[in-house]
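Structure first, then comments.
The values are calculated or read from the model by the stated rules, or taken from the named source; none is laboratory data. Quantities reported herein were computed from a predicted structural model and do not represent experimental measurements. Using ideal geometry, Cβ is built from the backbone for each residue, glycine included, and neighbour counts are taken over all protein chains shown.
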Amino acid sequence: MKAVRMAAFWGVGLTGGLMAQVPETPQVLPPTIIGTPRQESPGSLPLPVIRNGTPPKSLDETQHFEPSSLIVNKVEGRFRLMDGKTTLRDFGYDKSSADETLRLMQELGVNQMVTIPGARPPFQVWFKDGKPVPANAARQVFLPMLARNLRAESVGGVWVVTDGARGFFDFGTEAEAAKQAASLLVKHGFNQIGVIGSPRPTVFYPMFDKWTAERERLRPTASTSSLGVLDDVAQKNLILPGNVLAGPKTTIDAAQLQVVRGKTGEWTLMHNEETLGRFGSAEYAARGALKAIQDAKVTHIVRIGTNNFPIFLADSQPMRGRPLGGTSVSFRPDRLKLQQVRDHWWIAEDSRPLFDAGSKPDAELLLKTVRHLQLSMSCQYGFAEAGGLRILTTGY
């Protein structure tokens, strides 16, 4: 009963409304972007790449170990689940999830892990002696998964492993990896997803429950809603109107933001191990950028295009207001256009260049994002040539 209550809790907490993706004036994505969910007969493989006999190149990584040899080590401040010198998973600063994963893997006797890189959350499947782990351990929290409906599908420009009701693993643009992951789940009959991590889940591991499998076998194919899948995808990605993927959302933890001075004397703004901006000798610029992000209560960063142009979001909404401490320039989103300057493409207001967007495809994607979010102010911290940070806001 406890597992059922917890599953219901996570089911609510892990899905969000798509409308949280847009500014105050919502733009509804057309319902046809996903299409009608395919209904498969029990036992069939719902992947065209498998049916036609041309499976994708193997992308999985398989690791074997003894459960008793697993430990959680703290390496350079980060907690890692390790087998000897081999890291099975890096939990960053989340010691609680690392310890819980270790406890559960040893309790279940897990001695094999299959990983397919590129997924969010990480796609790692546990086995015991080559068989799926059973859903019968104490203190497990799980989500239901319709095994007969499992497939890889492109939703909002993102390849996701889904059962037609919700998206479980997001592979971004990696279609073959998503197809192989779905094929692995179908092959072994996985029908539940175990969850580790609180308040934000960090680990999702597939499980097999024989009673659930029997009930699903005897029941008609369940109807599903594509909107639930789209909601799950939108939780992890910024989706633009017209089924366009702007980029994946990366969580920003305010507690992990810090201004650091390197050995060369350069000041940088860091988040965990990622550099958000370089400011040379201008410490004031680094601290101004830090304060602007903290004051806006930023929760995510979206990197646009191959140029990785940063867009900061607060609970899926764009940053608002005029940040202090930087050089601000206002513009009108409806008057923006692309302008080529030598071999680079710029976002310009009429004939006034505003900022370098890199290649033409990157500039087109950035322009769509700026218009969609109704951004109207650019605030520069530090110098562009030194790798400073540009923050775009709505200006109000």
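Being over 26 Å from I116 (Cβ atoms), surrounded by 15 or more Cβ atoms within 10 Å (Cβ to Cβ) and either among the hydroxyl-bearing types (S, T, Y) or outside the structural domain of D315 (by TED's automatic domain parsing) (or both) narrows it down to one residue among T275, T268; which is it? Don't jump to the end; show me each part of the working.
Numbers: T275 fails: surrounded by 15 or more Cβ atoms within 10 Å (Cβ to Cβ).
Going through T275, T268 in turn, the sole match is T268.
Here G288 meets each of (1) touching a residue at least 40 places away in the same chain (Cβ under 8 Å); (2) buried (at least 16 other Cβ atoms within 10 Å of the Cβ); (3) farther than 24 Å from W267 by Cβ with one exception, condition (3).
Within region 238-263, restricting attention to residues that are at negative phi and not in a strand (DSSP E or B), which residue is farthest from the chain's Cα centre (by Cα)?
Checking each candidate, the answer is K263.
Quick check, is R103 under 20 Å from E66 (Cα atoms), among the basic types (K, R) and not in a helix (DSSP H, G or I)?
For R103, the condition - under 20 Å from E66 (Cα atoms), among the basic types (K, R) and not in a helix (DSSP H, G or I) - is not met.
Looking at F190, F204, just one residue is out of contact with any Cys (no Cβ under 6 Å at 6 or more places or on another chain), crowded, with 18+ Cβ neighbours inside 10 Å, at pLDDT 75 or above and in a loop (DSSP other than H, G, I, E, B), and that residue is F190.
Looking for whichever is surrounded by fewer than 21 Cβ atoms within 10 Å (Cβ to Cβ) and either in contact (Cβ under 8 Å) with a residue 60 or more places away in the chain or not assigned by TED's automatic domain parsing to the domain that holds L373 (or both) here; the options are E214, E283. Which one fits? If you could, list the steps in order and put the result at the bottom.
On the way: E283 fails: either in contact (Cβ under 8 Å) with a residue 60 or more places away in the chain or not assigned by TED's automatic domain parsing to the domain that holds L373 (or both).
After ruling out the rest, the residue left standing is E214.
Screening Q294 with (1) surrounded by fewer than 14 Cβ atoms within 10 Å (Cβ to Cβ); (2) part of a loop (DSSP other than H, G, I, E, B); (3) of a type outside the set (G, A, S) gives one miss only, at (2).
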